[in-house]
Amino acid sequence: MTGQETVPITPDLMLRAYRAGLFPMAPDARSDDLEWFYPEMRGILPLDGGFHAPRRLMRTALSQRFAVTTDHDFPAVMDGCAEPAPGRENTWINPRIRTLFCQLHDMGHAHSVEVRHEGRLVGGLYGVVIGQAFFGESMFSRMRDASKVALVHLVARLRLGGFTLLDTQFGTAHLAGFGGVEIPADDYMRQLARAVAGQAAWVGNDAGARLHAGLLALRGGVEGVGG
């Protein structure tokens with residue numbers, strides 16, 4: 001379901017919409033319009049042991065190949081997600097979307113994960129946080145495995161922080177490879193209601209050993225996955 005806006009969209013309205021199961025997208029980067037979406041089947045990535053990744057990717061995530069941080073440059077991550085890419089020549093991130101999400105970030109309701117190689121931003125992702133729910137918005141990669149490493153780090157942080165719902169909006173074959181599934185909207189709304197009523201903590205850049213242990217715990221759950 002989509003819906004054209006009838007009232008001014010503010011960060012507070014965005015948060016109310018997410019609590020109601022809606023999320024916004026622009027028709028394309030050149031449009032100033034926003035549309036609301038409420039899919040009949042909703043994509044989620046289970047945080048209770050359903051996540052899995054190739055062993056090769058987990059070795060990369062645990063190595064020193066990439067430097068991974070959070071909230072160091074939220075606008076740059078949004079800009080990376082808005083870049084045209086093969087198979088995604090048009091983006092739904094327009095200047096208005098960028099402004100609204102940056103405002104949510106300033107309010108502490110949106111976070112980014114940045115992946116750098118030799119100091120250069122090569123991948124990342126961002127999303128909205130309410131209670132124990134993380135609403136994944138977009139990710140990008142300028143180097144092999146960069147966005148996948150961002151996703152692995154995100155899942156480790158969410159599990160450590162006590163999050164219970166990782167919303168991916170739609171299900172894709174790419175996310176299915178990590179354990180992503182689609183569930184009916186009614187089931188999603190029940191999970192959402194519990195999650196937004198709870199409390200979780202975003203794990204920041206000072207996590208150190210805790211984050212490493214969280215990544216090791218994820219690796220322990222994927223030993224049987226090839227790659």
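The values are calculated or read from the model by the stated rules, or taken from the named source; none is laboratory data. Predicted model only: the values in this text are computed from it and were never measured. Each accessible area value is taken on the protein alone, full model and side chains, heavy atoms only, with ligands, DNA and RNA left out. Shrake-Rupley method; radii C 1.70, N 1.55, O 1.52, S 1.80 Å.
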Highest-fluctuation residue, 75, 39, 184 considered, GNM on the chain with Cα pairs under 10 Å: 184
Accessible area expressed per residue, the chain, with surrounding protein chains retained (probe 1.4 Å, Å²): 45 Å²
Surface accessible to a 1.4 Å probe, residue 93 within the full protein complex, Å²: 10 Å²
Contour minus Cα-Cα distance for residue 32 and residue 72 (0.36 nm per residue): 11.7 nm
Carbon and sulfur %, accessible surface of the chain computed with the full protein complex present, 1.4 Å: 52 percent
Anisotropy class of the range 130-227 from Cα gyration tensor, a/c 1.5 cut: oblate
